[in-house]
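Worksheet: the structure to be examined is printed underneath.
Where a number appears in this text, it was derived from the coordinates with a stated rule and is not lab data. Fair warning: this is a prediction, and the values are worked out from it, not measured in the lab. For neighbour counting, all protein chains shown are included, and Cβ atoms are generated from backbone atoms with ideal geometry for every residue, glycine included.
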Amino acid sequence: MLPTGSQFEIEVSESGHSARAVVTELASSLRVLEFDGVPVIDSYREDSASPMASGIVLVPWPNRVAEGRWNLHGKTQQLDITEPELGNAIHGLLRYSPYRLISRTASSLLLRAEVFAQHGYPFNLVNDVTYTLDTSALRVTHNVRNESAERAPIAIGAHPYLRVGNTKIDDLSLSLRVGTEYLTNDKKIPVNSVPLTSERRKALADVRVAELNLDTAFGELERDLDGNAVHRLSAPDGSWTELWQDENFKFVQLFTTDQYPSSSQSAGQVGRAIAIEPMTAVANAFNSGEGLRWLGPGESWECSWGIRYGRG
C-alpha cells in the first residue's frame, strides 16, 4: 500500500495538447499536475507521504486554531493539538482521512470524505471535491453539506505548491494583487490586519520569489470581471502558472520554504517551494469569525478554485 493510498489519475488530450493530474486517496491531495508534460505544481514521490500538507484539502478549517480551543454556545471546545511545536490545531480534520471515488469521467474525478462529530467539533459533514481537467486548466470544486441537527461552522482551504516547469523557484516572479496583510504572533496566529501601502501593493504585484520569506495571509483580493482573484507565477521565458479563486475564497496564504522534498529532487534532498493557498477564512476563524461560514442543517456550500498554465 502506498503512503497516500490509491492514486486517481485523469489524462486528457486535444488539438496536439495534453494534461495529466493525479489525486491521492489520502486527504484528496493533488499530487501531480502537468500540461504538455510541464509540471505546474511541486509534486512529491509516489512512495512518500504528502510533505508539508502538499496539495491537500483543508476542511472544516484551513491553517490554525489557536491552542485548538474555541467557544460554541458558551462552552469551550477542545480540538486535538496537531501542531505540537506551536500548540495549535492545524489544517482541519481530514488531513489523514481517506476519500472515496464516487464517480469519474474521462476528464473529471469526484471524491468524498465525511467529517464525523468528535470532541472539539460536534458536527457531521459530507465533503465532496471534484477535479475537472482540460488541456490548459484544472478546476477544483468543493461542496460541503451539513448533516448535523444544528448550524455548523465551516471554512475551506487547499494547499498546492506551484511551479512553472523546471524553472528554479527563485527565478520566478510572483504577481499578487491584494489590499490587506495579516500580522501574526509567535504562534502564527493573526493578531491584526493592516492595509497595504501603495508601495507594498506595487512590490507584491511583481516580486521575485527569491526575495520572499512568508507564511502570511492576505485579504481584500483584487478580482477580475468574473469575480475571481488571480495569482501568477511567471518564468523568464514568458510561460506562467496561475491560481484563481472564486468570490467564496476571500483570502490567500503565501508560504515559502527551503525544505520541500520535491519529486524532482534526489532522495533525501530538499529545496525551495512556494505554496499559494486559497482560503475562505483566515487562521483562527473559529475564534475571530473572520470569513467563517455557518451552514444550517442540510445546507450545502459550493466554491471553486483552479490552476491554469500559459505557454511561453
Placing each pseudo-label 7 Å from Cα in the direction of the beta carbon, residue 18 and residue 147 end up separated by a distance in nanometres of 3.9 nm
Taking every other residue with Cβ under 11 Å from the Cβ of residue 42 and scoring Lys and Arg +1, Asp and Glu -1, one gets +3
In whole Hz, the Karplus estimates of ³J(HN,Hα) for the stretch 182-190 (6.51, -1.76, 1.60; θ = phi - 60°; x where Gly or Pro) are 9, 8, 10, 8, 6, 9, 6, 9, x
Note, the stretch 214-228: 3J(HN,Hα) by Karplus (6.51, -1.76, 1.60, θ = phi - 60°), whole Hz, Gly/Pro = x, goes 10, 9, 9, 9, 10, x, 6, 6, 5, 10, 8, 5, 8, x, 9
Residues 47, 42 in order from fewest to most other beta-carbon atoms within 10 Å are 47, 42
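What list do you get for 6, 43 if you sort them by fewest beta carbons within 10 Å? Walk me through the numbers on the way to the answer.
On the way: 6 15, 43 21.
Listed from fewest to most nearby Cβ atoms, that is 6, 43.
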Inter-part gap, Cα centre of the stretch 234-261 to Cα centre of the stretch 71-85, in whole angstrom, is 30 Å
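Using r as the Cβ-Cβ distance of residue 199 and residue 224, and R0 as 25 Å, what FRET efficiency do you calculate, to the nearest 0.05?
On the way: r = 24 Å, r/R0 = 0.95.
Calculated value: 0.60.
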Once phi for every residue in the stretch 119-135 is put through the Karplus expression 6.51 cos²θ - 1.76 cosθ + 1.60 (θ = phi - 60°), the whole-Hz ³J(HN,Hα) values, with Gly and Pro written as x, are 4, x, 8, x, 9, 10, 10, 10, 10, 9, 10, 10, 10, 10, 10, 10, 6
